[in-house]
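For reference, the structure is listed below as structure tokens.
Please treat every number below as a calculation from the coordinates, not as lab data. What you see is a predicted model, and the numbers here were worked out from it, not measured in a lab. Cβ: placed from backbone, ideal geometry, glycine included. Neighbour counts: every protein chain shown.
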Amino acid sequence: MATPTSDRYTSFAEFYPYYLQEHSNPICRRLHYVGSLLVLGILAYALTTQQWLWLLAMPLAGYGFAWVGHFVFENNRPATFKYPLYSFLGDWVMLKDAFSGRIKF
């Protein structure tokens, strides 16, 4: 497992506890959920209407809500700047864990 001195993770399983720690504020987590659900809604809308320009709104919706959560409520720097792939996966796993009751909504 990575330590604060090594600052690198070799697997998502190793990264995810750090990710959850960086999302300890419930408002920050909820803003992530809103952003992720909006992304799914935008994707569904674009696919059903074939209005592909809506796909450009997906990063704005997803990252916009998440970054407000980090900068305003969590007071930390989003992990996506340092771990973009693991953070992207973390968003979806955290949403799944919230819906399954593993973590608080």
- [ ] Give the order of GLU14, GLU74 when sorted by the count of other beta carbons within 10 angstrom, beginning with the fewest.
- [x] GLU14, GLU74
- [ ] Take the chain, connect every pair of alpha-carbon atoms lying under 10 Å apart with a spring to form a Gaussian network, then pick out the residue of PHE81, PHE65, PHE12 with the largest mean-square fluctuation.
- [x] PHE81
- [ ] Rank the residues TRP92, TRP67 as a footprinting-exposure proxy: fewest other Cβ atoms within 10 Å of their Cβ go first.
- [x] TRP92, TRP67
- [ ] Among MET58, MET94, rank each residue by its count of other Cβ atoms within 10 Å, from fewest to most, as a rough exposure measure.
- [x] MET58, MET94
- [ ] Please give, to one decimal in nm, the separation of the simple spin-label points placed at ARG77 and GLU14, each 7 Å out from Cα toward the Cβ.
- [x] 2.1
Open item on the list: Can you show me the helix-derived [θ] at 222 nm for the chain, built from DSSP H runs with n ≥ 4 at -39,500 (n - 2.57) apiece and divided by the number of residues, rounded to the nearest 500.
Closed with: -20000 deg cm²/dmol
- [ ] With springs only between Cα atoms under 10 Å apart, run a GNM on the chain and tell me which of SER11, SER36, SER87 wobbles the most.
- [x] SER11
TODO: Run the quick spin-label model on PHE88 and ARG102: label points 7 Å from Cα toward the beta carbon, then report their separation in nm to one decimal.
DONE: 2.0
Task: Nearest-ten-degree value, helix 26-49 long axis tilted from longest Cα axis of the chain - done: 30
Task: Student exercise, the chain dipole from Lys, Arg, Asp, Glu Cβ charges, in Debye to nearest 20 - done: 120
TODO: Report, in whole Å, the centroid distance computed from the Cα atoms of the stretch 63-91 and the stretch 29-45.
DONE: 14
Task: Fully extended contour minus Cα-Cα distance, from GLN50 to GLN21, at 0.36 nm per residue - done: 6.6 nm
- [ ] Measure nothing fancy, just the Cα-based angle from helix 12-21's long axis to the longest principal axis of the chain, in degrees from 0 to 90, nearest 10.
- [x] 90
